[in-house]
Amino acid sequence: MQPITISAPGQQPTPNRLYICTQPEDVEGLVLTENEAEFVAQQKKQKKDFVVLTRIGQFVALQFVKHDEVPAKRLESCRKAGAAVASEVNTLGLKELGIIDTGGFWHECMATAEGLALAGYQFLKYRKDAEDKANSLKEIQIFSSKANPDEIEKLNIVVRATCFARDLVNEPVNKLNAVGLAEALSTRMREAGGKAEVLNKKKIEALKMGGLLSVNLGSPDPPTFTILEWKPAHAVNTRPVILVGKGVVYDTGGMSLKPTSGMDTMKCDMAGGALVGAAIAAIAEAGLPVYVMALVPATDNRPDGNAYVPGDVITMFDGTTVEVLNTDAEGRLILADALAYARKFDPMLVINFATLTGAAARAIGPQGIVAMQVNAQNEFDTLAVCGERVYERLVQFPMWDEYREMLKSEIADLKNIGGADAGAITAGKFLEHFTDYPFIHCDIAGPAFLDKRDNYRGIGGSGVGVRLLFEFFRNMS
């Protein structure tokens, strides 16, 4: 489905309007009947932030902004209000909606439009009744004296990128395998004006990427390794920031087989790869003056006759030997090859995104991202501030040296799991071994795929991380 378009036409608003205000009196030209005024007063008394007035032939709603909220929370309230409005206007079959700034609420208007547009996302590709089920809202018009066309275009880019990432995550593996993921990411990157290269199995074998190749042994489909690059002539950084994303297009657990209930949503195990690919394409489309690369190792993880098994010792791209004790800890193996490969580009920073551990999801649920850093505290702090702004928040876990002890093997350099305790951290420590640069690791296992609808984040693939990265690089530029 095509994402909703956001615009600022600067002409007479559509009759269907959402007013952003602190009180009804702020709305110039809005005349309330006695019953409407009484209803609005009653809703405000009940501390309702969003009021819909039922009128024949016209949709009118008021969204009350709370000045006492901290800015980040106020904008998040606006996004959630936008999601609530989306439900109302689609139920009524409306095609367009005007958001009216009653004075000084430009940022709140933008956040509301963002929530509206993201809440309108649907994945109906495989439904016969897709046309009947499709949402009606197609255009959001913002009317504000402070309207900024450049900011609106960037918001459209971010919304499209988030929806693109959601589409990829929602695709089942029989429709999107590792080759298909590489094609989708590289095509999108080239359309945005960047460069893309896909390493096939022969090239991966020549590079001796033992982690990626081992995980792929049980699959009937070949692995891929996608390299995306945006290097504008006017970049503010001479050394790249590299994004690395896990691209396990389906995870059965391999020979350490997951229970059936644990496999239901495992098409989402490539959410890290989807988000870094979507984000770098958005950065390119927006023309941000930053030098960025993305690496996406991709395969599925299945049990088959030649699949890797617990007890195997594999040799990684950088020569490290790893004792495999659980084939369901496969993501760190393919990421380790990508992180080691990233060294050749002398990056100023590497940020990794992966649905890596159930431990991260159990620790903080879907409300945030478990994150860790090595020699990158300043960059991490900046990323965390950006996370607060877009409400894709980071929770920093420690990377103390003592956790490394849990990964020691008697027969190899490392083992691929650290035991029952601190699973999210030991996974991060495993990845750290393959880095020699400032490094941030983000475990998105909690928020990447939502089992039930969560306002503008939707249901299924959430596209988490795209908005975070775009804000980070916009801040950097």
Which whole-Hz couplings ³J(HN,Hα) result when phi for each residue of the stretch 315-330 is put into the Karplus expression 6.51 cos²θ - 1.76 cosθ + 1.60, θ = phi - 60°, listed in order with x for Gly and Pro?
10, 7, 3, 8, x, 5, 9, 10, 7, 8, 10, 8, 6, 7, 9, 8
Residues whose built amide H sits under 5 Å from the amide H of Val249, excluding neighbours closer than 5 in sequence, are Thr299, Asp300
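Send over a whole-number figure in Å² for the accessible area per residue of the stretch 136-232, probe 1.4 Å. Please list the in-between numbers first.
Details: 4020 Å² over 97 residues.
Per-residue value: 41 Å².
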Once you have a ≥ b ≥ c as the square roots of the Cα gyration tensor eigenvalues for the stretch 358-445, tell me rounded if a/c is under 1.5, and otherwise prolate or oblate according to whether a/b is larger than b/c.
oblate
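Between Asn200 and Val309, 0.36 nm times their residue separation minus their Cα-Cα distance comes to what?
Taking Asn200 through Val309 to full extension adds about 36.9 nm, to one decimal.
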Taking r as the C-beta separation of Glu131 and Ser87 and R0 as 30 Å, the FRET efficiency to the nearest 0.05 is 0.95
Summarise the accessible area of the stretch 308-407 (1.4 Å probe, protein heavy atoms) by the percent that is carbon and sulfur.
49
Which value in nm describes the separation of the simple spin-label points at Asn326 and Glu28, placed 7 Å from the Cα toward the beta carbon?
6.2
Name the residues whose placed amide hydrogens come within less than 5 Å of the amide hydrogen of Leu217, ignoring near sequence neighbours (fewer than 5 apart) on the same chain.
Tyr308
Once you put a point 7 Å from the Cα of Leu124 and another 7 Å from the Cα of Ser261, both along the Cβ direction, what distance in nm separates them?
3.3
Counting only protein heavy atoms and using a 1.4 Å probe, what share of the accessible area of the stretch 52-151 belongs to carbon plus sulfur, as a whole percent?
50
Between helix 106-119 and the chain, what is the angle of the helix's C-alpha long axis to the longest principal axis, kept within 0 to 90° and rounded to the nearest 10?
60
In debye, nearest 20, what is the charge dipole magnitude of the stretch 126-253 about its Cα centre with +1 on Lys and Arg Cβ and -1 on Asp and Glu Cβ, if you could check?
360
Inter-part gap, Cα centre of the stretch 212-276 to Cα centre of the stretch 63-128, in whole angstrom, is 32
Here the FRET efficiency for Asp413 versus His234, based on Cβ atoms and R0 = 45 Å and rounded to 0.05, is 0.60
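Which length gain, in nm to one decimal place, applies between Glu153 and Asp49 when the Cα-Cα distance is subtracted from 0.36 nm times their residue separation?
34.7 nm
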Probe 1.4 Å, heavy atoms of protein chains only: per residue, the accessible area of the stretch 261-316 in Å² is 26
Given a Förster distance of 25 Å, report the FRET efficiency between Asp346 and Leu207 from their Cβ-Cβ distance, rounded to the nearest 0.05.
0.90
In sequence order, calculated HN-Hα J values of the stretch 25-32 (Karplus, 6.51, -1.76, 1.60; Hz; x Gly/Pro)
5, 6, 8, 5, x, 8, 9, 9
So the angle from the long Cα axis of helix 149-170 to the longest Cα principal axis of the chain, reported in degrees to the nearest 10, equals 50
Can you tell which of Thr327, Gly305, Ala284 lies farthest toward the positive end of the dipole of the stretch 273-366, using +1 and -1 charges on the Cβ of basic and acidic side chains (Lys, Arg; Asp, Glu)?
Ala284
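Report the percentage of all Cα-Cα pairs in the stretch 60-114 whose separation exceeds 17 Å, rounded to a whole percent.
On the way: 499 of 1485 pairs.
Tail of the P(r) past 17 Å holds 34 percent of the pairs.
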Arg17 long-range amide H proximity, modeled H, under 5 Å:
Phe59, Val60, Ala61, Gly98
Where the stretch 383-460 is the region considered: accessible area per residue in Å², 1.4 Å probe:
44
Helix 271-286 versus the longest principal axis of the chain: what is the Cα-based angle in degrees, 0 to 90, to the nearest 10?
60
Keeping every protein chain in place, order Ser145, Ser7, Ser87, Ser186 by accessible area at 1.4 Å, biggest value first, i.e. largest first.
Ser145, Ser87, Ser7, Ser186
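The values are calculated or read from the model by the stated rules, or taken from the named source; none is laboratory data. Note that the coordinates shown come from a computational prediction; the quantities given were computed from them, not determined experimentally. Quick reminder, even Gly has a Cβ in these numbers, built from the backbone with ideal geometry, and neighbours come from all protein chains shown. Keep in mind that these areas ignore ligands, DNA and RNA; they rest on the heavy atoms of the full protein, side chains included. Shrake-Rupley method; radii C 1.70, N 1.55, O 1.52, S 1.80 Å.
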